[in-house]
Amino acid sequence: MSDPFYIEEPQNTAVSETAPAPYLTQLNSPQREAVETLDGPVLVLAGAGTGKTRVLTTRLAHLLRLGKARPYQVLSVTFTNRAAREMRERVGHLVGGPAEAIWLGTFHALGARILRRHAELVGLRNNFTILDADDQVRLLKQLIEAENLDDKRWPARVLMGVIQRWKDRALTPDKVSAADAGDMAGGKLVELYRDYQERLKTLNAADFGDLLLHNLTIFAENPSVLEEYQDRFRYVLVDEYQDTNVSQYLWLRLLAQKHRNIACVGDDDQSIYAWRGAEVGNILRFEEDFPGAKIVRLEQNYRSTGPILGAASGLITKNEGRLGKTLWTEAKGGDRVAIRGVWDGEEEARVVSDRIENIQNKGNDGAPVSLNQIAILVRAGFQTREFEERFLTLGIPYRVVGGPRFYERQELRDALAYLRIIQQPDDDLAFERIVNKPKRGIGNTTIKMLHVTARASGTSLYRAAAELVRTDELRPSTRSSLGGVISDFERWRALNGDGRDGLSHSELAEMVLDESGYTEMLMNDKAPEAPGRLENLKELIVAIDEFENLAGFLEHVSLVMENTEAAGSDLVNIMTLHSAKGLEFDTVFLPGWEEGLFPHQRNMDENGLAGLEEERRLAYVGLTRAKREATILFAANRRVHGQWQSSIPSRFVDELPPEFVDMDSEQGVYAGESSAFGSGRSLGYGGGGYGSGGYGAGRVRAPGRDTESTLIHAEPQGFSMGERVFHQKFGYGHITAIADNKLSISFDKAGDKKVLDSFVVAADAV
């Protein structure tokens, strides 16, 4: 049978191994070792900024130039189409000709290529369709309805996420254990998964997870097919190996078993995608999977200054699950990593914006500075709001990379639509957006009737709805739902007194989100992004409270939304740490280094030590994005759900080697000494400092308030394990761990929290 993917290459591509290879002279010794070790399994541990892309492309070009394999006998796997294109172009330049015959692409692209050749072996035809995420959810929703399951309790998008995670782990329906399935979808999720797969076959379709899962099935059930590809691929190269999931890992291991000429390039210290299926264990056990493997460490960094590398390397050594390497550079000089403690998030944004303006005015070491070379890397999406507000006030142009700007996020547009209708009921766009969100059984037919009624009477959708609910035009259930919406808005509008009747506009907004069911909808959403959406809504409440009334806030948002990004402009970059991987900037700001925010409490609660180590790897990634200047910030206080809460610096701040960091203190903000850093390293606020009395004696003023805060109310005192204590916010609990003046407390109602000893008193003293 002819192979449409087989391209015959001429035999005269090989050159003598002694022939000069000018590209080799551009490599340092470890890089050259990684390129020239062509036979046998090789793991290249490539630290941040050590030239891994150059090594990967040069290795591929080198084995082709030496004639070790024809292009079609090489399998080269990347994670993005962009990386695949870049690699193909570089290889073509190095070998002096096109590199089209190489099997080079993403896991999905290569998996689809194999599957189209053997589709009939898994019940498909070779012209099968690859469904996108929306089509997958629609198909599963049909099956959920056929099973008479409550799609509000078990949303199709949530269940599809579980199924895709099973596929990432190479679990077909018959391999999913009872423990894995649990009671999802009333115990019917495995059955739904099986029906979903059968329905895909009927439609002659596959989803992205199937592209490798079907490959694995074909290889397992058809040894001759597996042998064909094992014979063909004499050399296998893999980029970003630390990000592979179980299916990708098994697929690679099967294909490389015969020749064992597999070279994986990756960095165990940059494995930060466990939430989407990546298994750091894949890279950690490489030597077990391929006995006799050669390990090459790329440690010379060409990106960052010595102090930045020293701080990042010192931090990551605290992780136990790593193979180990230490980044270094030949470059001399460079400023130490700055650590700034601030009072609250507003001051954090002010400090960063002041520094950016200073850089703009004075340049960096006398050189002009591009805003494109400045980045603010946050742990959670809600952190962008205060920076965006500050930049708009000062006129500093910015972009939010990898996602919408704060007020452009879907959940915020929805919340704003509710508030717009309270302020102005004739806002048809806002009303149509949320009249059935959360779902209330108000469908398209009802919306069309509202439009007809509104046009006929020359009024708005809201007023048309108020008319219709007083008639018998609608079905009783729809009339009841729509009437409830109108009644809610009338009640909320009556309460919109901007605090004159005891209810502030921020409290009203919180009430609206709760009583509308919107908050509950997100709380019941099991999608990975749902917790972040809830955090954004909490940040919205904080933002509203900064304005005198609801009208002023909505006008502010409208003006903010008008400030659109100009293509090709010079803009400060704001993004999450996850989005920053693979990028680099002259100047990097790392705000929010506080316990619970970074490391993120949810990751630690759900994954324990593995979650903490991934958070530390994320901190390492953040630091190593900086080429010349890195600044870490943490705040003593954060507004959370409209209330001030005290914070303590992230444990990662304590773990940074003292010789590579500078504590930049401001008078009246820092004092004392920190036990974490030793003499002269202040992390405290007010009068005490963490190592010598917490926040200082007496009561302190909350940021931006004229009234005194009651959060900080006691002198620090000695406590013992198991002692019963009281905290004004969290209530009663008992101490489970003590570290200097930081207490771990199991509260009766609030659960496990970490607080300063100055925030609690003995229970018998209350």
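The values are calculated or read from the model by the stated rules, or taken from the named source; none is laboratory data. Owing to the predicted nature of the structure, the values given are computational and were not obtained by experimental measurement. Positions of Cβ are generated from backbone atoms using ideal geometry, with glycine treated the same way; all protein chains shown enter the neighbour counts. Note: accessible area is taken over every heavy atom of the protein model, side chains too, but ligands, DNA and RNA are not part of it. Shrake-Rupley method; radii C 1.70, N 1.55, O 1.52, S 1.80 Å.
If the condition is being open to solvent by 10 Å² or more (accessible area, probe 1.4 Å) and small (Gly, Ala, Ser), then segment 528-560 contributes GLY532, ALA551, GLY552, SER558. Taken as a whole, segment 370-382 holds at least one residue that is part of a helix (DSSP H, G or I), modelled with pLDDT under 90 and open to solvent by 10 Å² or more (accessible area, probe 1.4 Å). Just a yes or no: is a residue in segment 432-452 touching a residue at least 40 places away in the same chain (Cβ under 8 Å), in a loop (DSSP other than H, G, I, E, B) and open to solvent by less than 10 Å² (accessible area, probe 1.4 Å)? Yes - at least one qualifying residue is present in segment 432-452.
All conditions but one from (1) touching a helix residue (DSSP H, G or I) at 6+ places or on another chain (Cβ under 7 Å); (2) closer than 25 Å to PRO531 by Cβ apply to LEU139; the one that does not is (2). Report the residue count in segment 282-298 for those that are open to solvent by 10 Å² or more (accessible area, probe 1.4 Å), at pLDDT below 95 and under 23 Å from LEU623 (Cα atoms). Residues in segment 282-298 being open to solvent by 10 Å² or more (accessible area, probe 1.4 Å), at pLDDT below 95 and under 23 Å from LEU623 (Cα atoms): 1 in total.
If I ask for residues that are part of a loop (DSSP other than H, G, I, E, B), of a type outside the set (S, T, N, Q) and in contact with a Lys or Arg (Cβ under 6 Å, 6 or more places away or on another chain), which ones from segment 283-315 would you list? Don't jump to the end; show me each part of the working.
If we filter segment 283-315 for residues that are part of a loop (DSSP other than H, G, I, E, B), which is where we start, we get 285, 290-293, 299, 301-305.
This time we only want the ones that are of a type outside the set (S, T, N, Q), so: 285, 290-293, 299, 302-303.
Correct list: GLU299, ARG303.
Among the helices (runs of 4 or more DSSP H) lying completely within segment 129-191, list those that include at least 2 residues that are farther than 28 Å from THR244 by Cα and among the charged types (D, E, K, R).
Values: elements: 133-146, 156-168, 178-181.
Passing ranges, in order: 133-146.
For segment 390-409, the set of residues classified as touching a residue at least 40 places away in the same chain (Cβ under 8 Å), closer than 15 Å to ILE356 by Cα and either part of a loop (DSSP other than H, G, I, E, B) or open to solvent by 10 Å² or more (accessible area, probe 1.4 Å) (or both) consists of ARG390, LEU392, LEU394, ILE396, PRO397, TYR398, ARG399, listed by residue number.
Here are ALA101, ALA112: which of them is part of a loop (DSSP other than H, G, I, E, B) and touching a helix residue (DSSP H, G or I) at 6+ places or on another chain (Cβ under 7 Å)?
Values: ALA112 fails: part of a loop (DSSP other than H, G, I, E, B).
Testing whether each residue is part of a loop (DSSP other than H, G, I, E, B) and touching a helix residue (DSSP H, G or I) at 6+ places or on another chain (Cβ under 7 Å) leaves just ALA101.
Which condition from (1) open to solvent by 30 Å² or more (accessible area, probe 1.4 Å); (2) in a helix (DSSP H, G or I); (3) not β-branched (Val, Ile, Thr) is the one that LYS318 breaks? LYS318 satisfies all of (1) open to solvent by 30 Å² or more (accessible area, probe 1.4 Å); (2) in a helix (DSSP H, G or I); (3) not β-branched (Val, Ile, Thr) except (2).
Within segment 225-282, track down each residue that is among the hydrophobic types (A, V, I, L, M, F, W, C) and part of a loop (DSSP other than H, G, I, E, B). Spell out the reasoning first.
First, pick out the residues of segment 225-282 that are among the hydrophobic types (A, V, I, L, M, F, W, C): 225-226, 233, 236-238, 246, 250-252, 254-256, 262-265, 272, 274-275, 278, 280.
Residues satisfying the conditions are PHE233, ILE272, ALA278, VAL280.
Any chance segment 362-369 includes a residue that's outside any loop (DSSP other than H, G, I, E, B), buried (at least 16 other Cβ atoms within 10 Å of the Cβ) and modelled with pLDDT of 85 or more? Checked segment 362-369: no residue is outside any loop (DSSP other than H, G, I, E, B), buried (at least 16 other Cβ atoms within 10 Å of the Cβ) and modelled with pLDDT of 85 or more.
Taken over segment 334-354, the residue count meeting the criterion of being open to solvent by less than 50 Å² (accessible area, probe 1.4 Å) and either part of a loop (DSSP other than H, G, I, E, B) or charged (D, E, K, R) (or both) is 5. Taking the criterion of being modelled with pLDDT of 85 or more, under 19 Å from ASP414 (Cβ atoms) and out of contact with any Lys or Arg (no Cβ under 8 Å at 6 or more places or on another chain), the residues of segment 483-506 that qualify are ILE486, ASP488, PHE489, TRP492, ARG493.
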